[in-house]
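Report on the following structure.
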């Protein structure tokens, strides 16, 4: 976001106070892999996106929605519960949150190996540890799709 | 977001994430993160800036080439001119929220008039963008307005589609806000995100309706409405400005 030094003190406190509430994950796992030009990439967003006719996210939802790779941008909507981030950018251009078109361009230019057939969306206001069961499930699905690189996009 | 990086990587899936709040990401230590100096809600910088978005995406992807981690790198560019939020200045000012000359008892009718006035701009926005993000409630914009405005009466409309009162009202209000945001963005002036937010909260009847609904939610015996009263209807910046204005009056 804008630099902490540039935002009002009350907002700065809000964000910095959250640090004390974060869980300790211990040692950071780090999975090695092939060069980028050989990787298969999926996008996982926590923007609360979903296909228009899919189920909207309920408050605190820790499950995910599937975004098939052939979903037209016009079919993507957002049901994130937070009102504290900008939505006008997403309303104008999906790629500012979910850059699937940009990813396809990089794949066409051989800078990445391929783009996954499926992408996924969580709703970022969920309790942080509640995401783990669905994240484990998601990892299994990503492996079945041959994905070895996931881009995580918050709002 | 940092938690998902840990969870997926533990299962053998490599991840690279955008960081919007560097200090939180530094504390969580996810495997790979690219901090970007962009406003919340715009992790790839700015809409309709494909070259810029591509540079952010490329920098994010390049973190997969790092041999060890955790990695927290800073993206060196600010978002393109015209993408600034300006909330710091707009909401630092005292607010009146009273520009629309409407009695509180007639907010319902005024809201419907305002929606009708915005309709040509909403239609234009939808035509230009070939999409609209309105539709979460499934009620249509008039239905969403009626549902929300019913909370100004003593007998709010019943929830729909098996939802709790709070979720149904939240979705109706989200549709209303999206309609207003998309409509005004089509008007002349090339409004920035902060301008749109300022306009909505300072100049529209809809904002007055939202603020009235917020009080209803805070005082309702229906606990599903409490989150709307507290956090998920009125942004922190607006709430802060209101509190300051009240303190100074």
Calculated from DSSP H runs of 4 or more alone, at -39500 (n - 2.57) each and per residue, what is the 222 nm mean residue ellipticity of chain B, nearest 500? -16000 deg cm²/dmol
For chain B, find the longest principal axis of its Cα atoms and tell me its angle to the long axis of helix B:107-129, 0 to 90°, nearest 10. 40 degrees
Just check the range B:110-249 against the gyration tensor rule for me: Cα atoms, a ≥ b ≥ c as the square roots of the eigenvalues, rounded for a/c under 1.5, and otherwise prolate or oblate depending on whether a/b exceeds b/c. oblate
Note on the range B:2-74: contact order normalised by length, alpha-carbon pairs under 8 Å, 6 or more apart, percent, works out to 33 percent
I'd like the orientation of helix B:236-248 relative to chain B: the angle between its Cα long axis and the longest Cα principal axis, in ° from 0 to 90, rounded to 10. 60 degrees
When only Cα pairs under 8 Å and 6 or more residues apart are kept, what is the percent relative contact order across the range A:1-121? 38 percent
Between the alpha-carbon centers of the range B:182-249 and the range A:39-62, tell me the distance in whole angstrom. 25 Å
Shape call for the range A:35-153, from the Cα gyration tensor axes a ≥ b ≥ c (a/c under 1.5 means rounded, otherwise prolate when a/b beats b/c, else oblate), comes out oblate
The range B:87-248 - percent relative contact order, Cα under 8 Å, separation 6 or more: 34 percent
Give me the distance between the Cα centres of the range B:127-151 and the range A:88-116, rounded to whole Å. 28 Å
State the antiparallel share, in %, of DSSP beta bridges confined to the range A:35-153, rounding to the nearest 5. 45 percent
Per its Cα gyration tensor (rounded if a/c is under 1.5, else prolate when a/b beats b/c, else oblate), the range A:1-87 is best filed as oblate
On Cα atoms only, tilt of B:193-203 relative to the major axis of chain B in degrees: 20 degrees
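We did not get these values from a lab; they are worked out from the coordinates using the rules stated. Remember, it's a predicted structure, so these values are computed and weren't measured experimentally.
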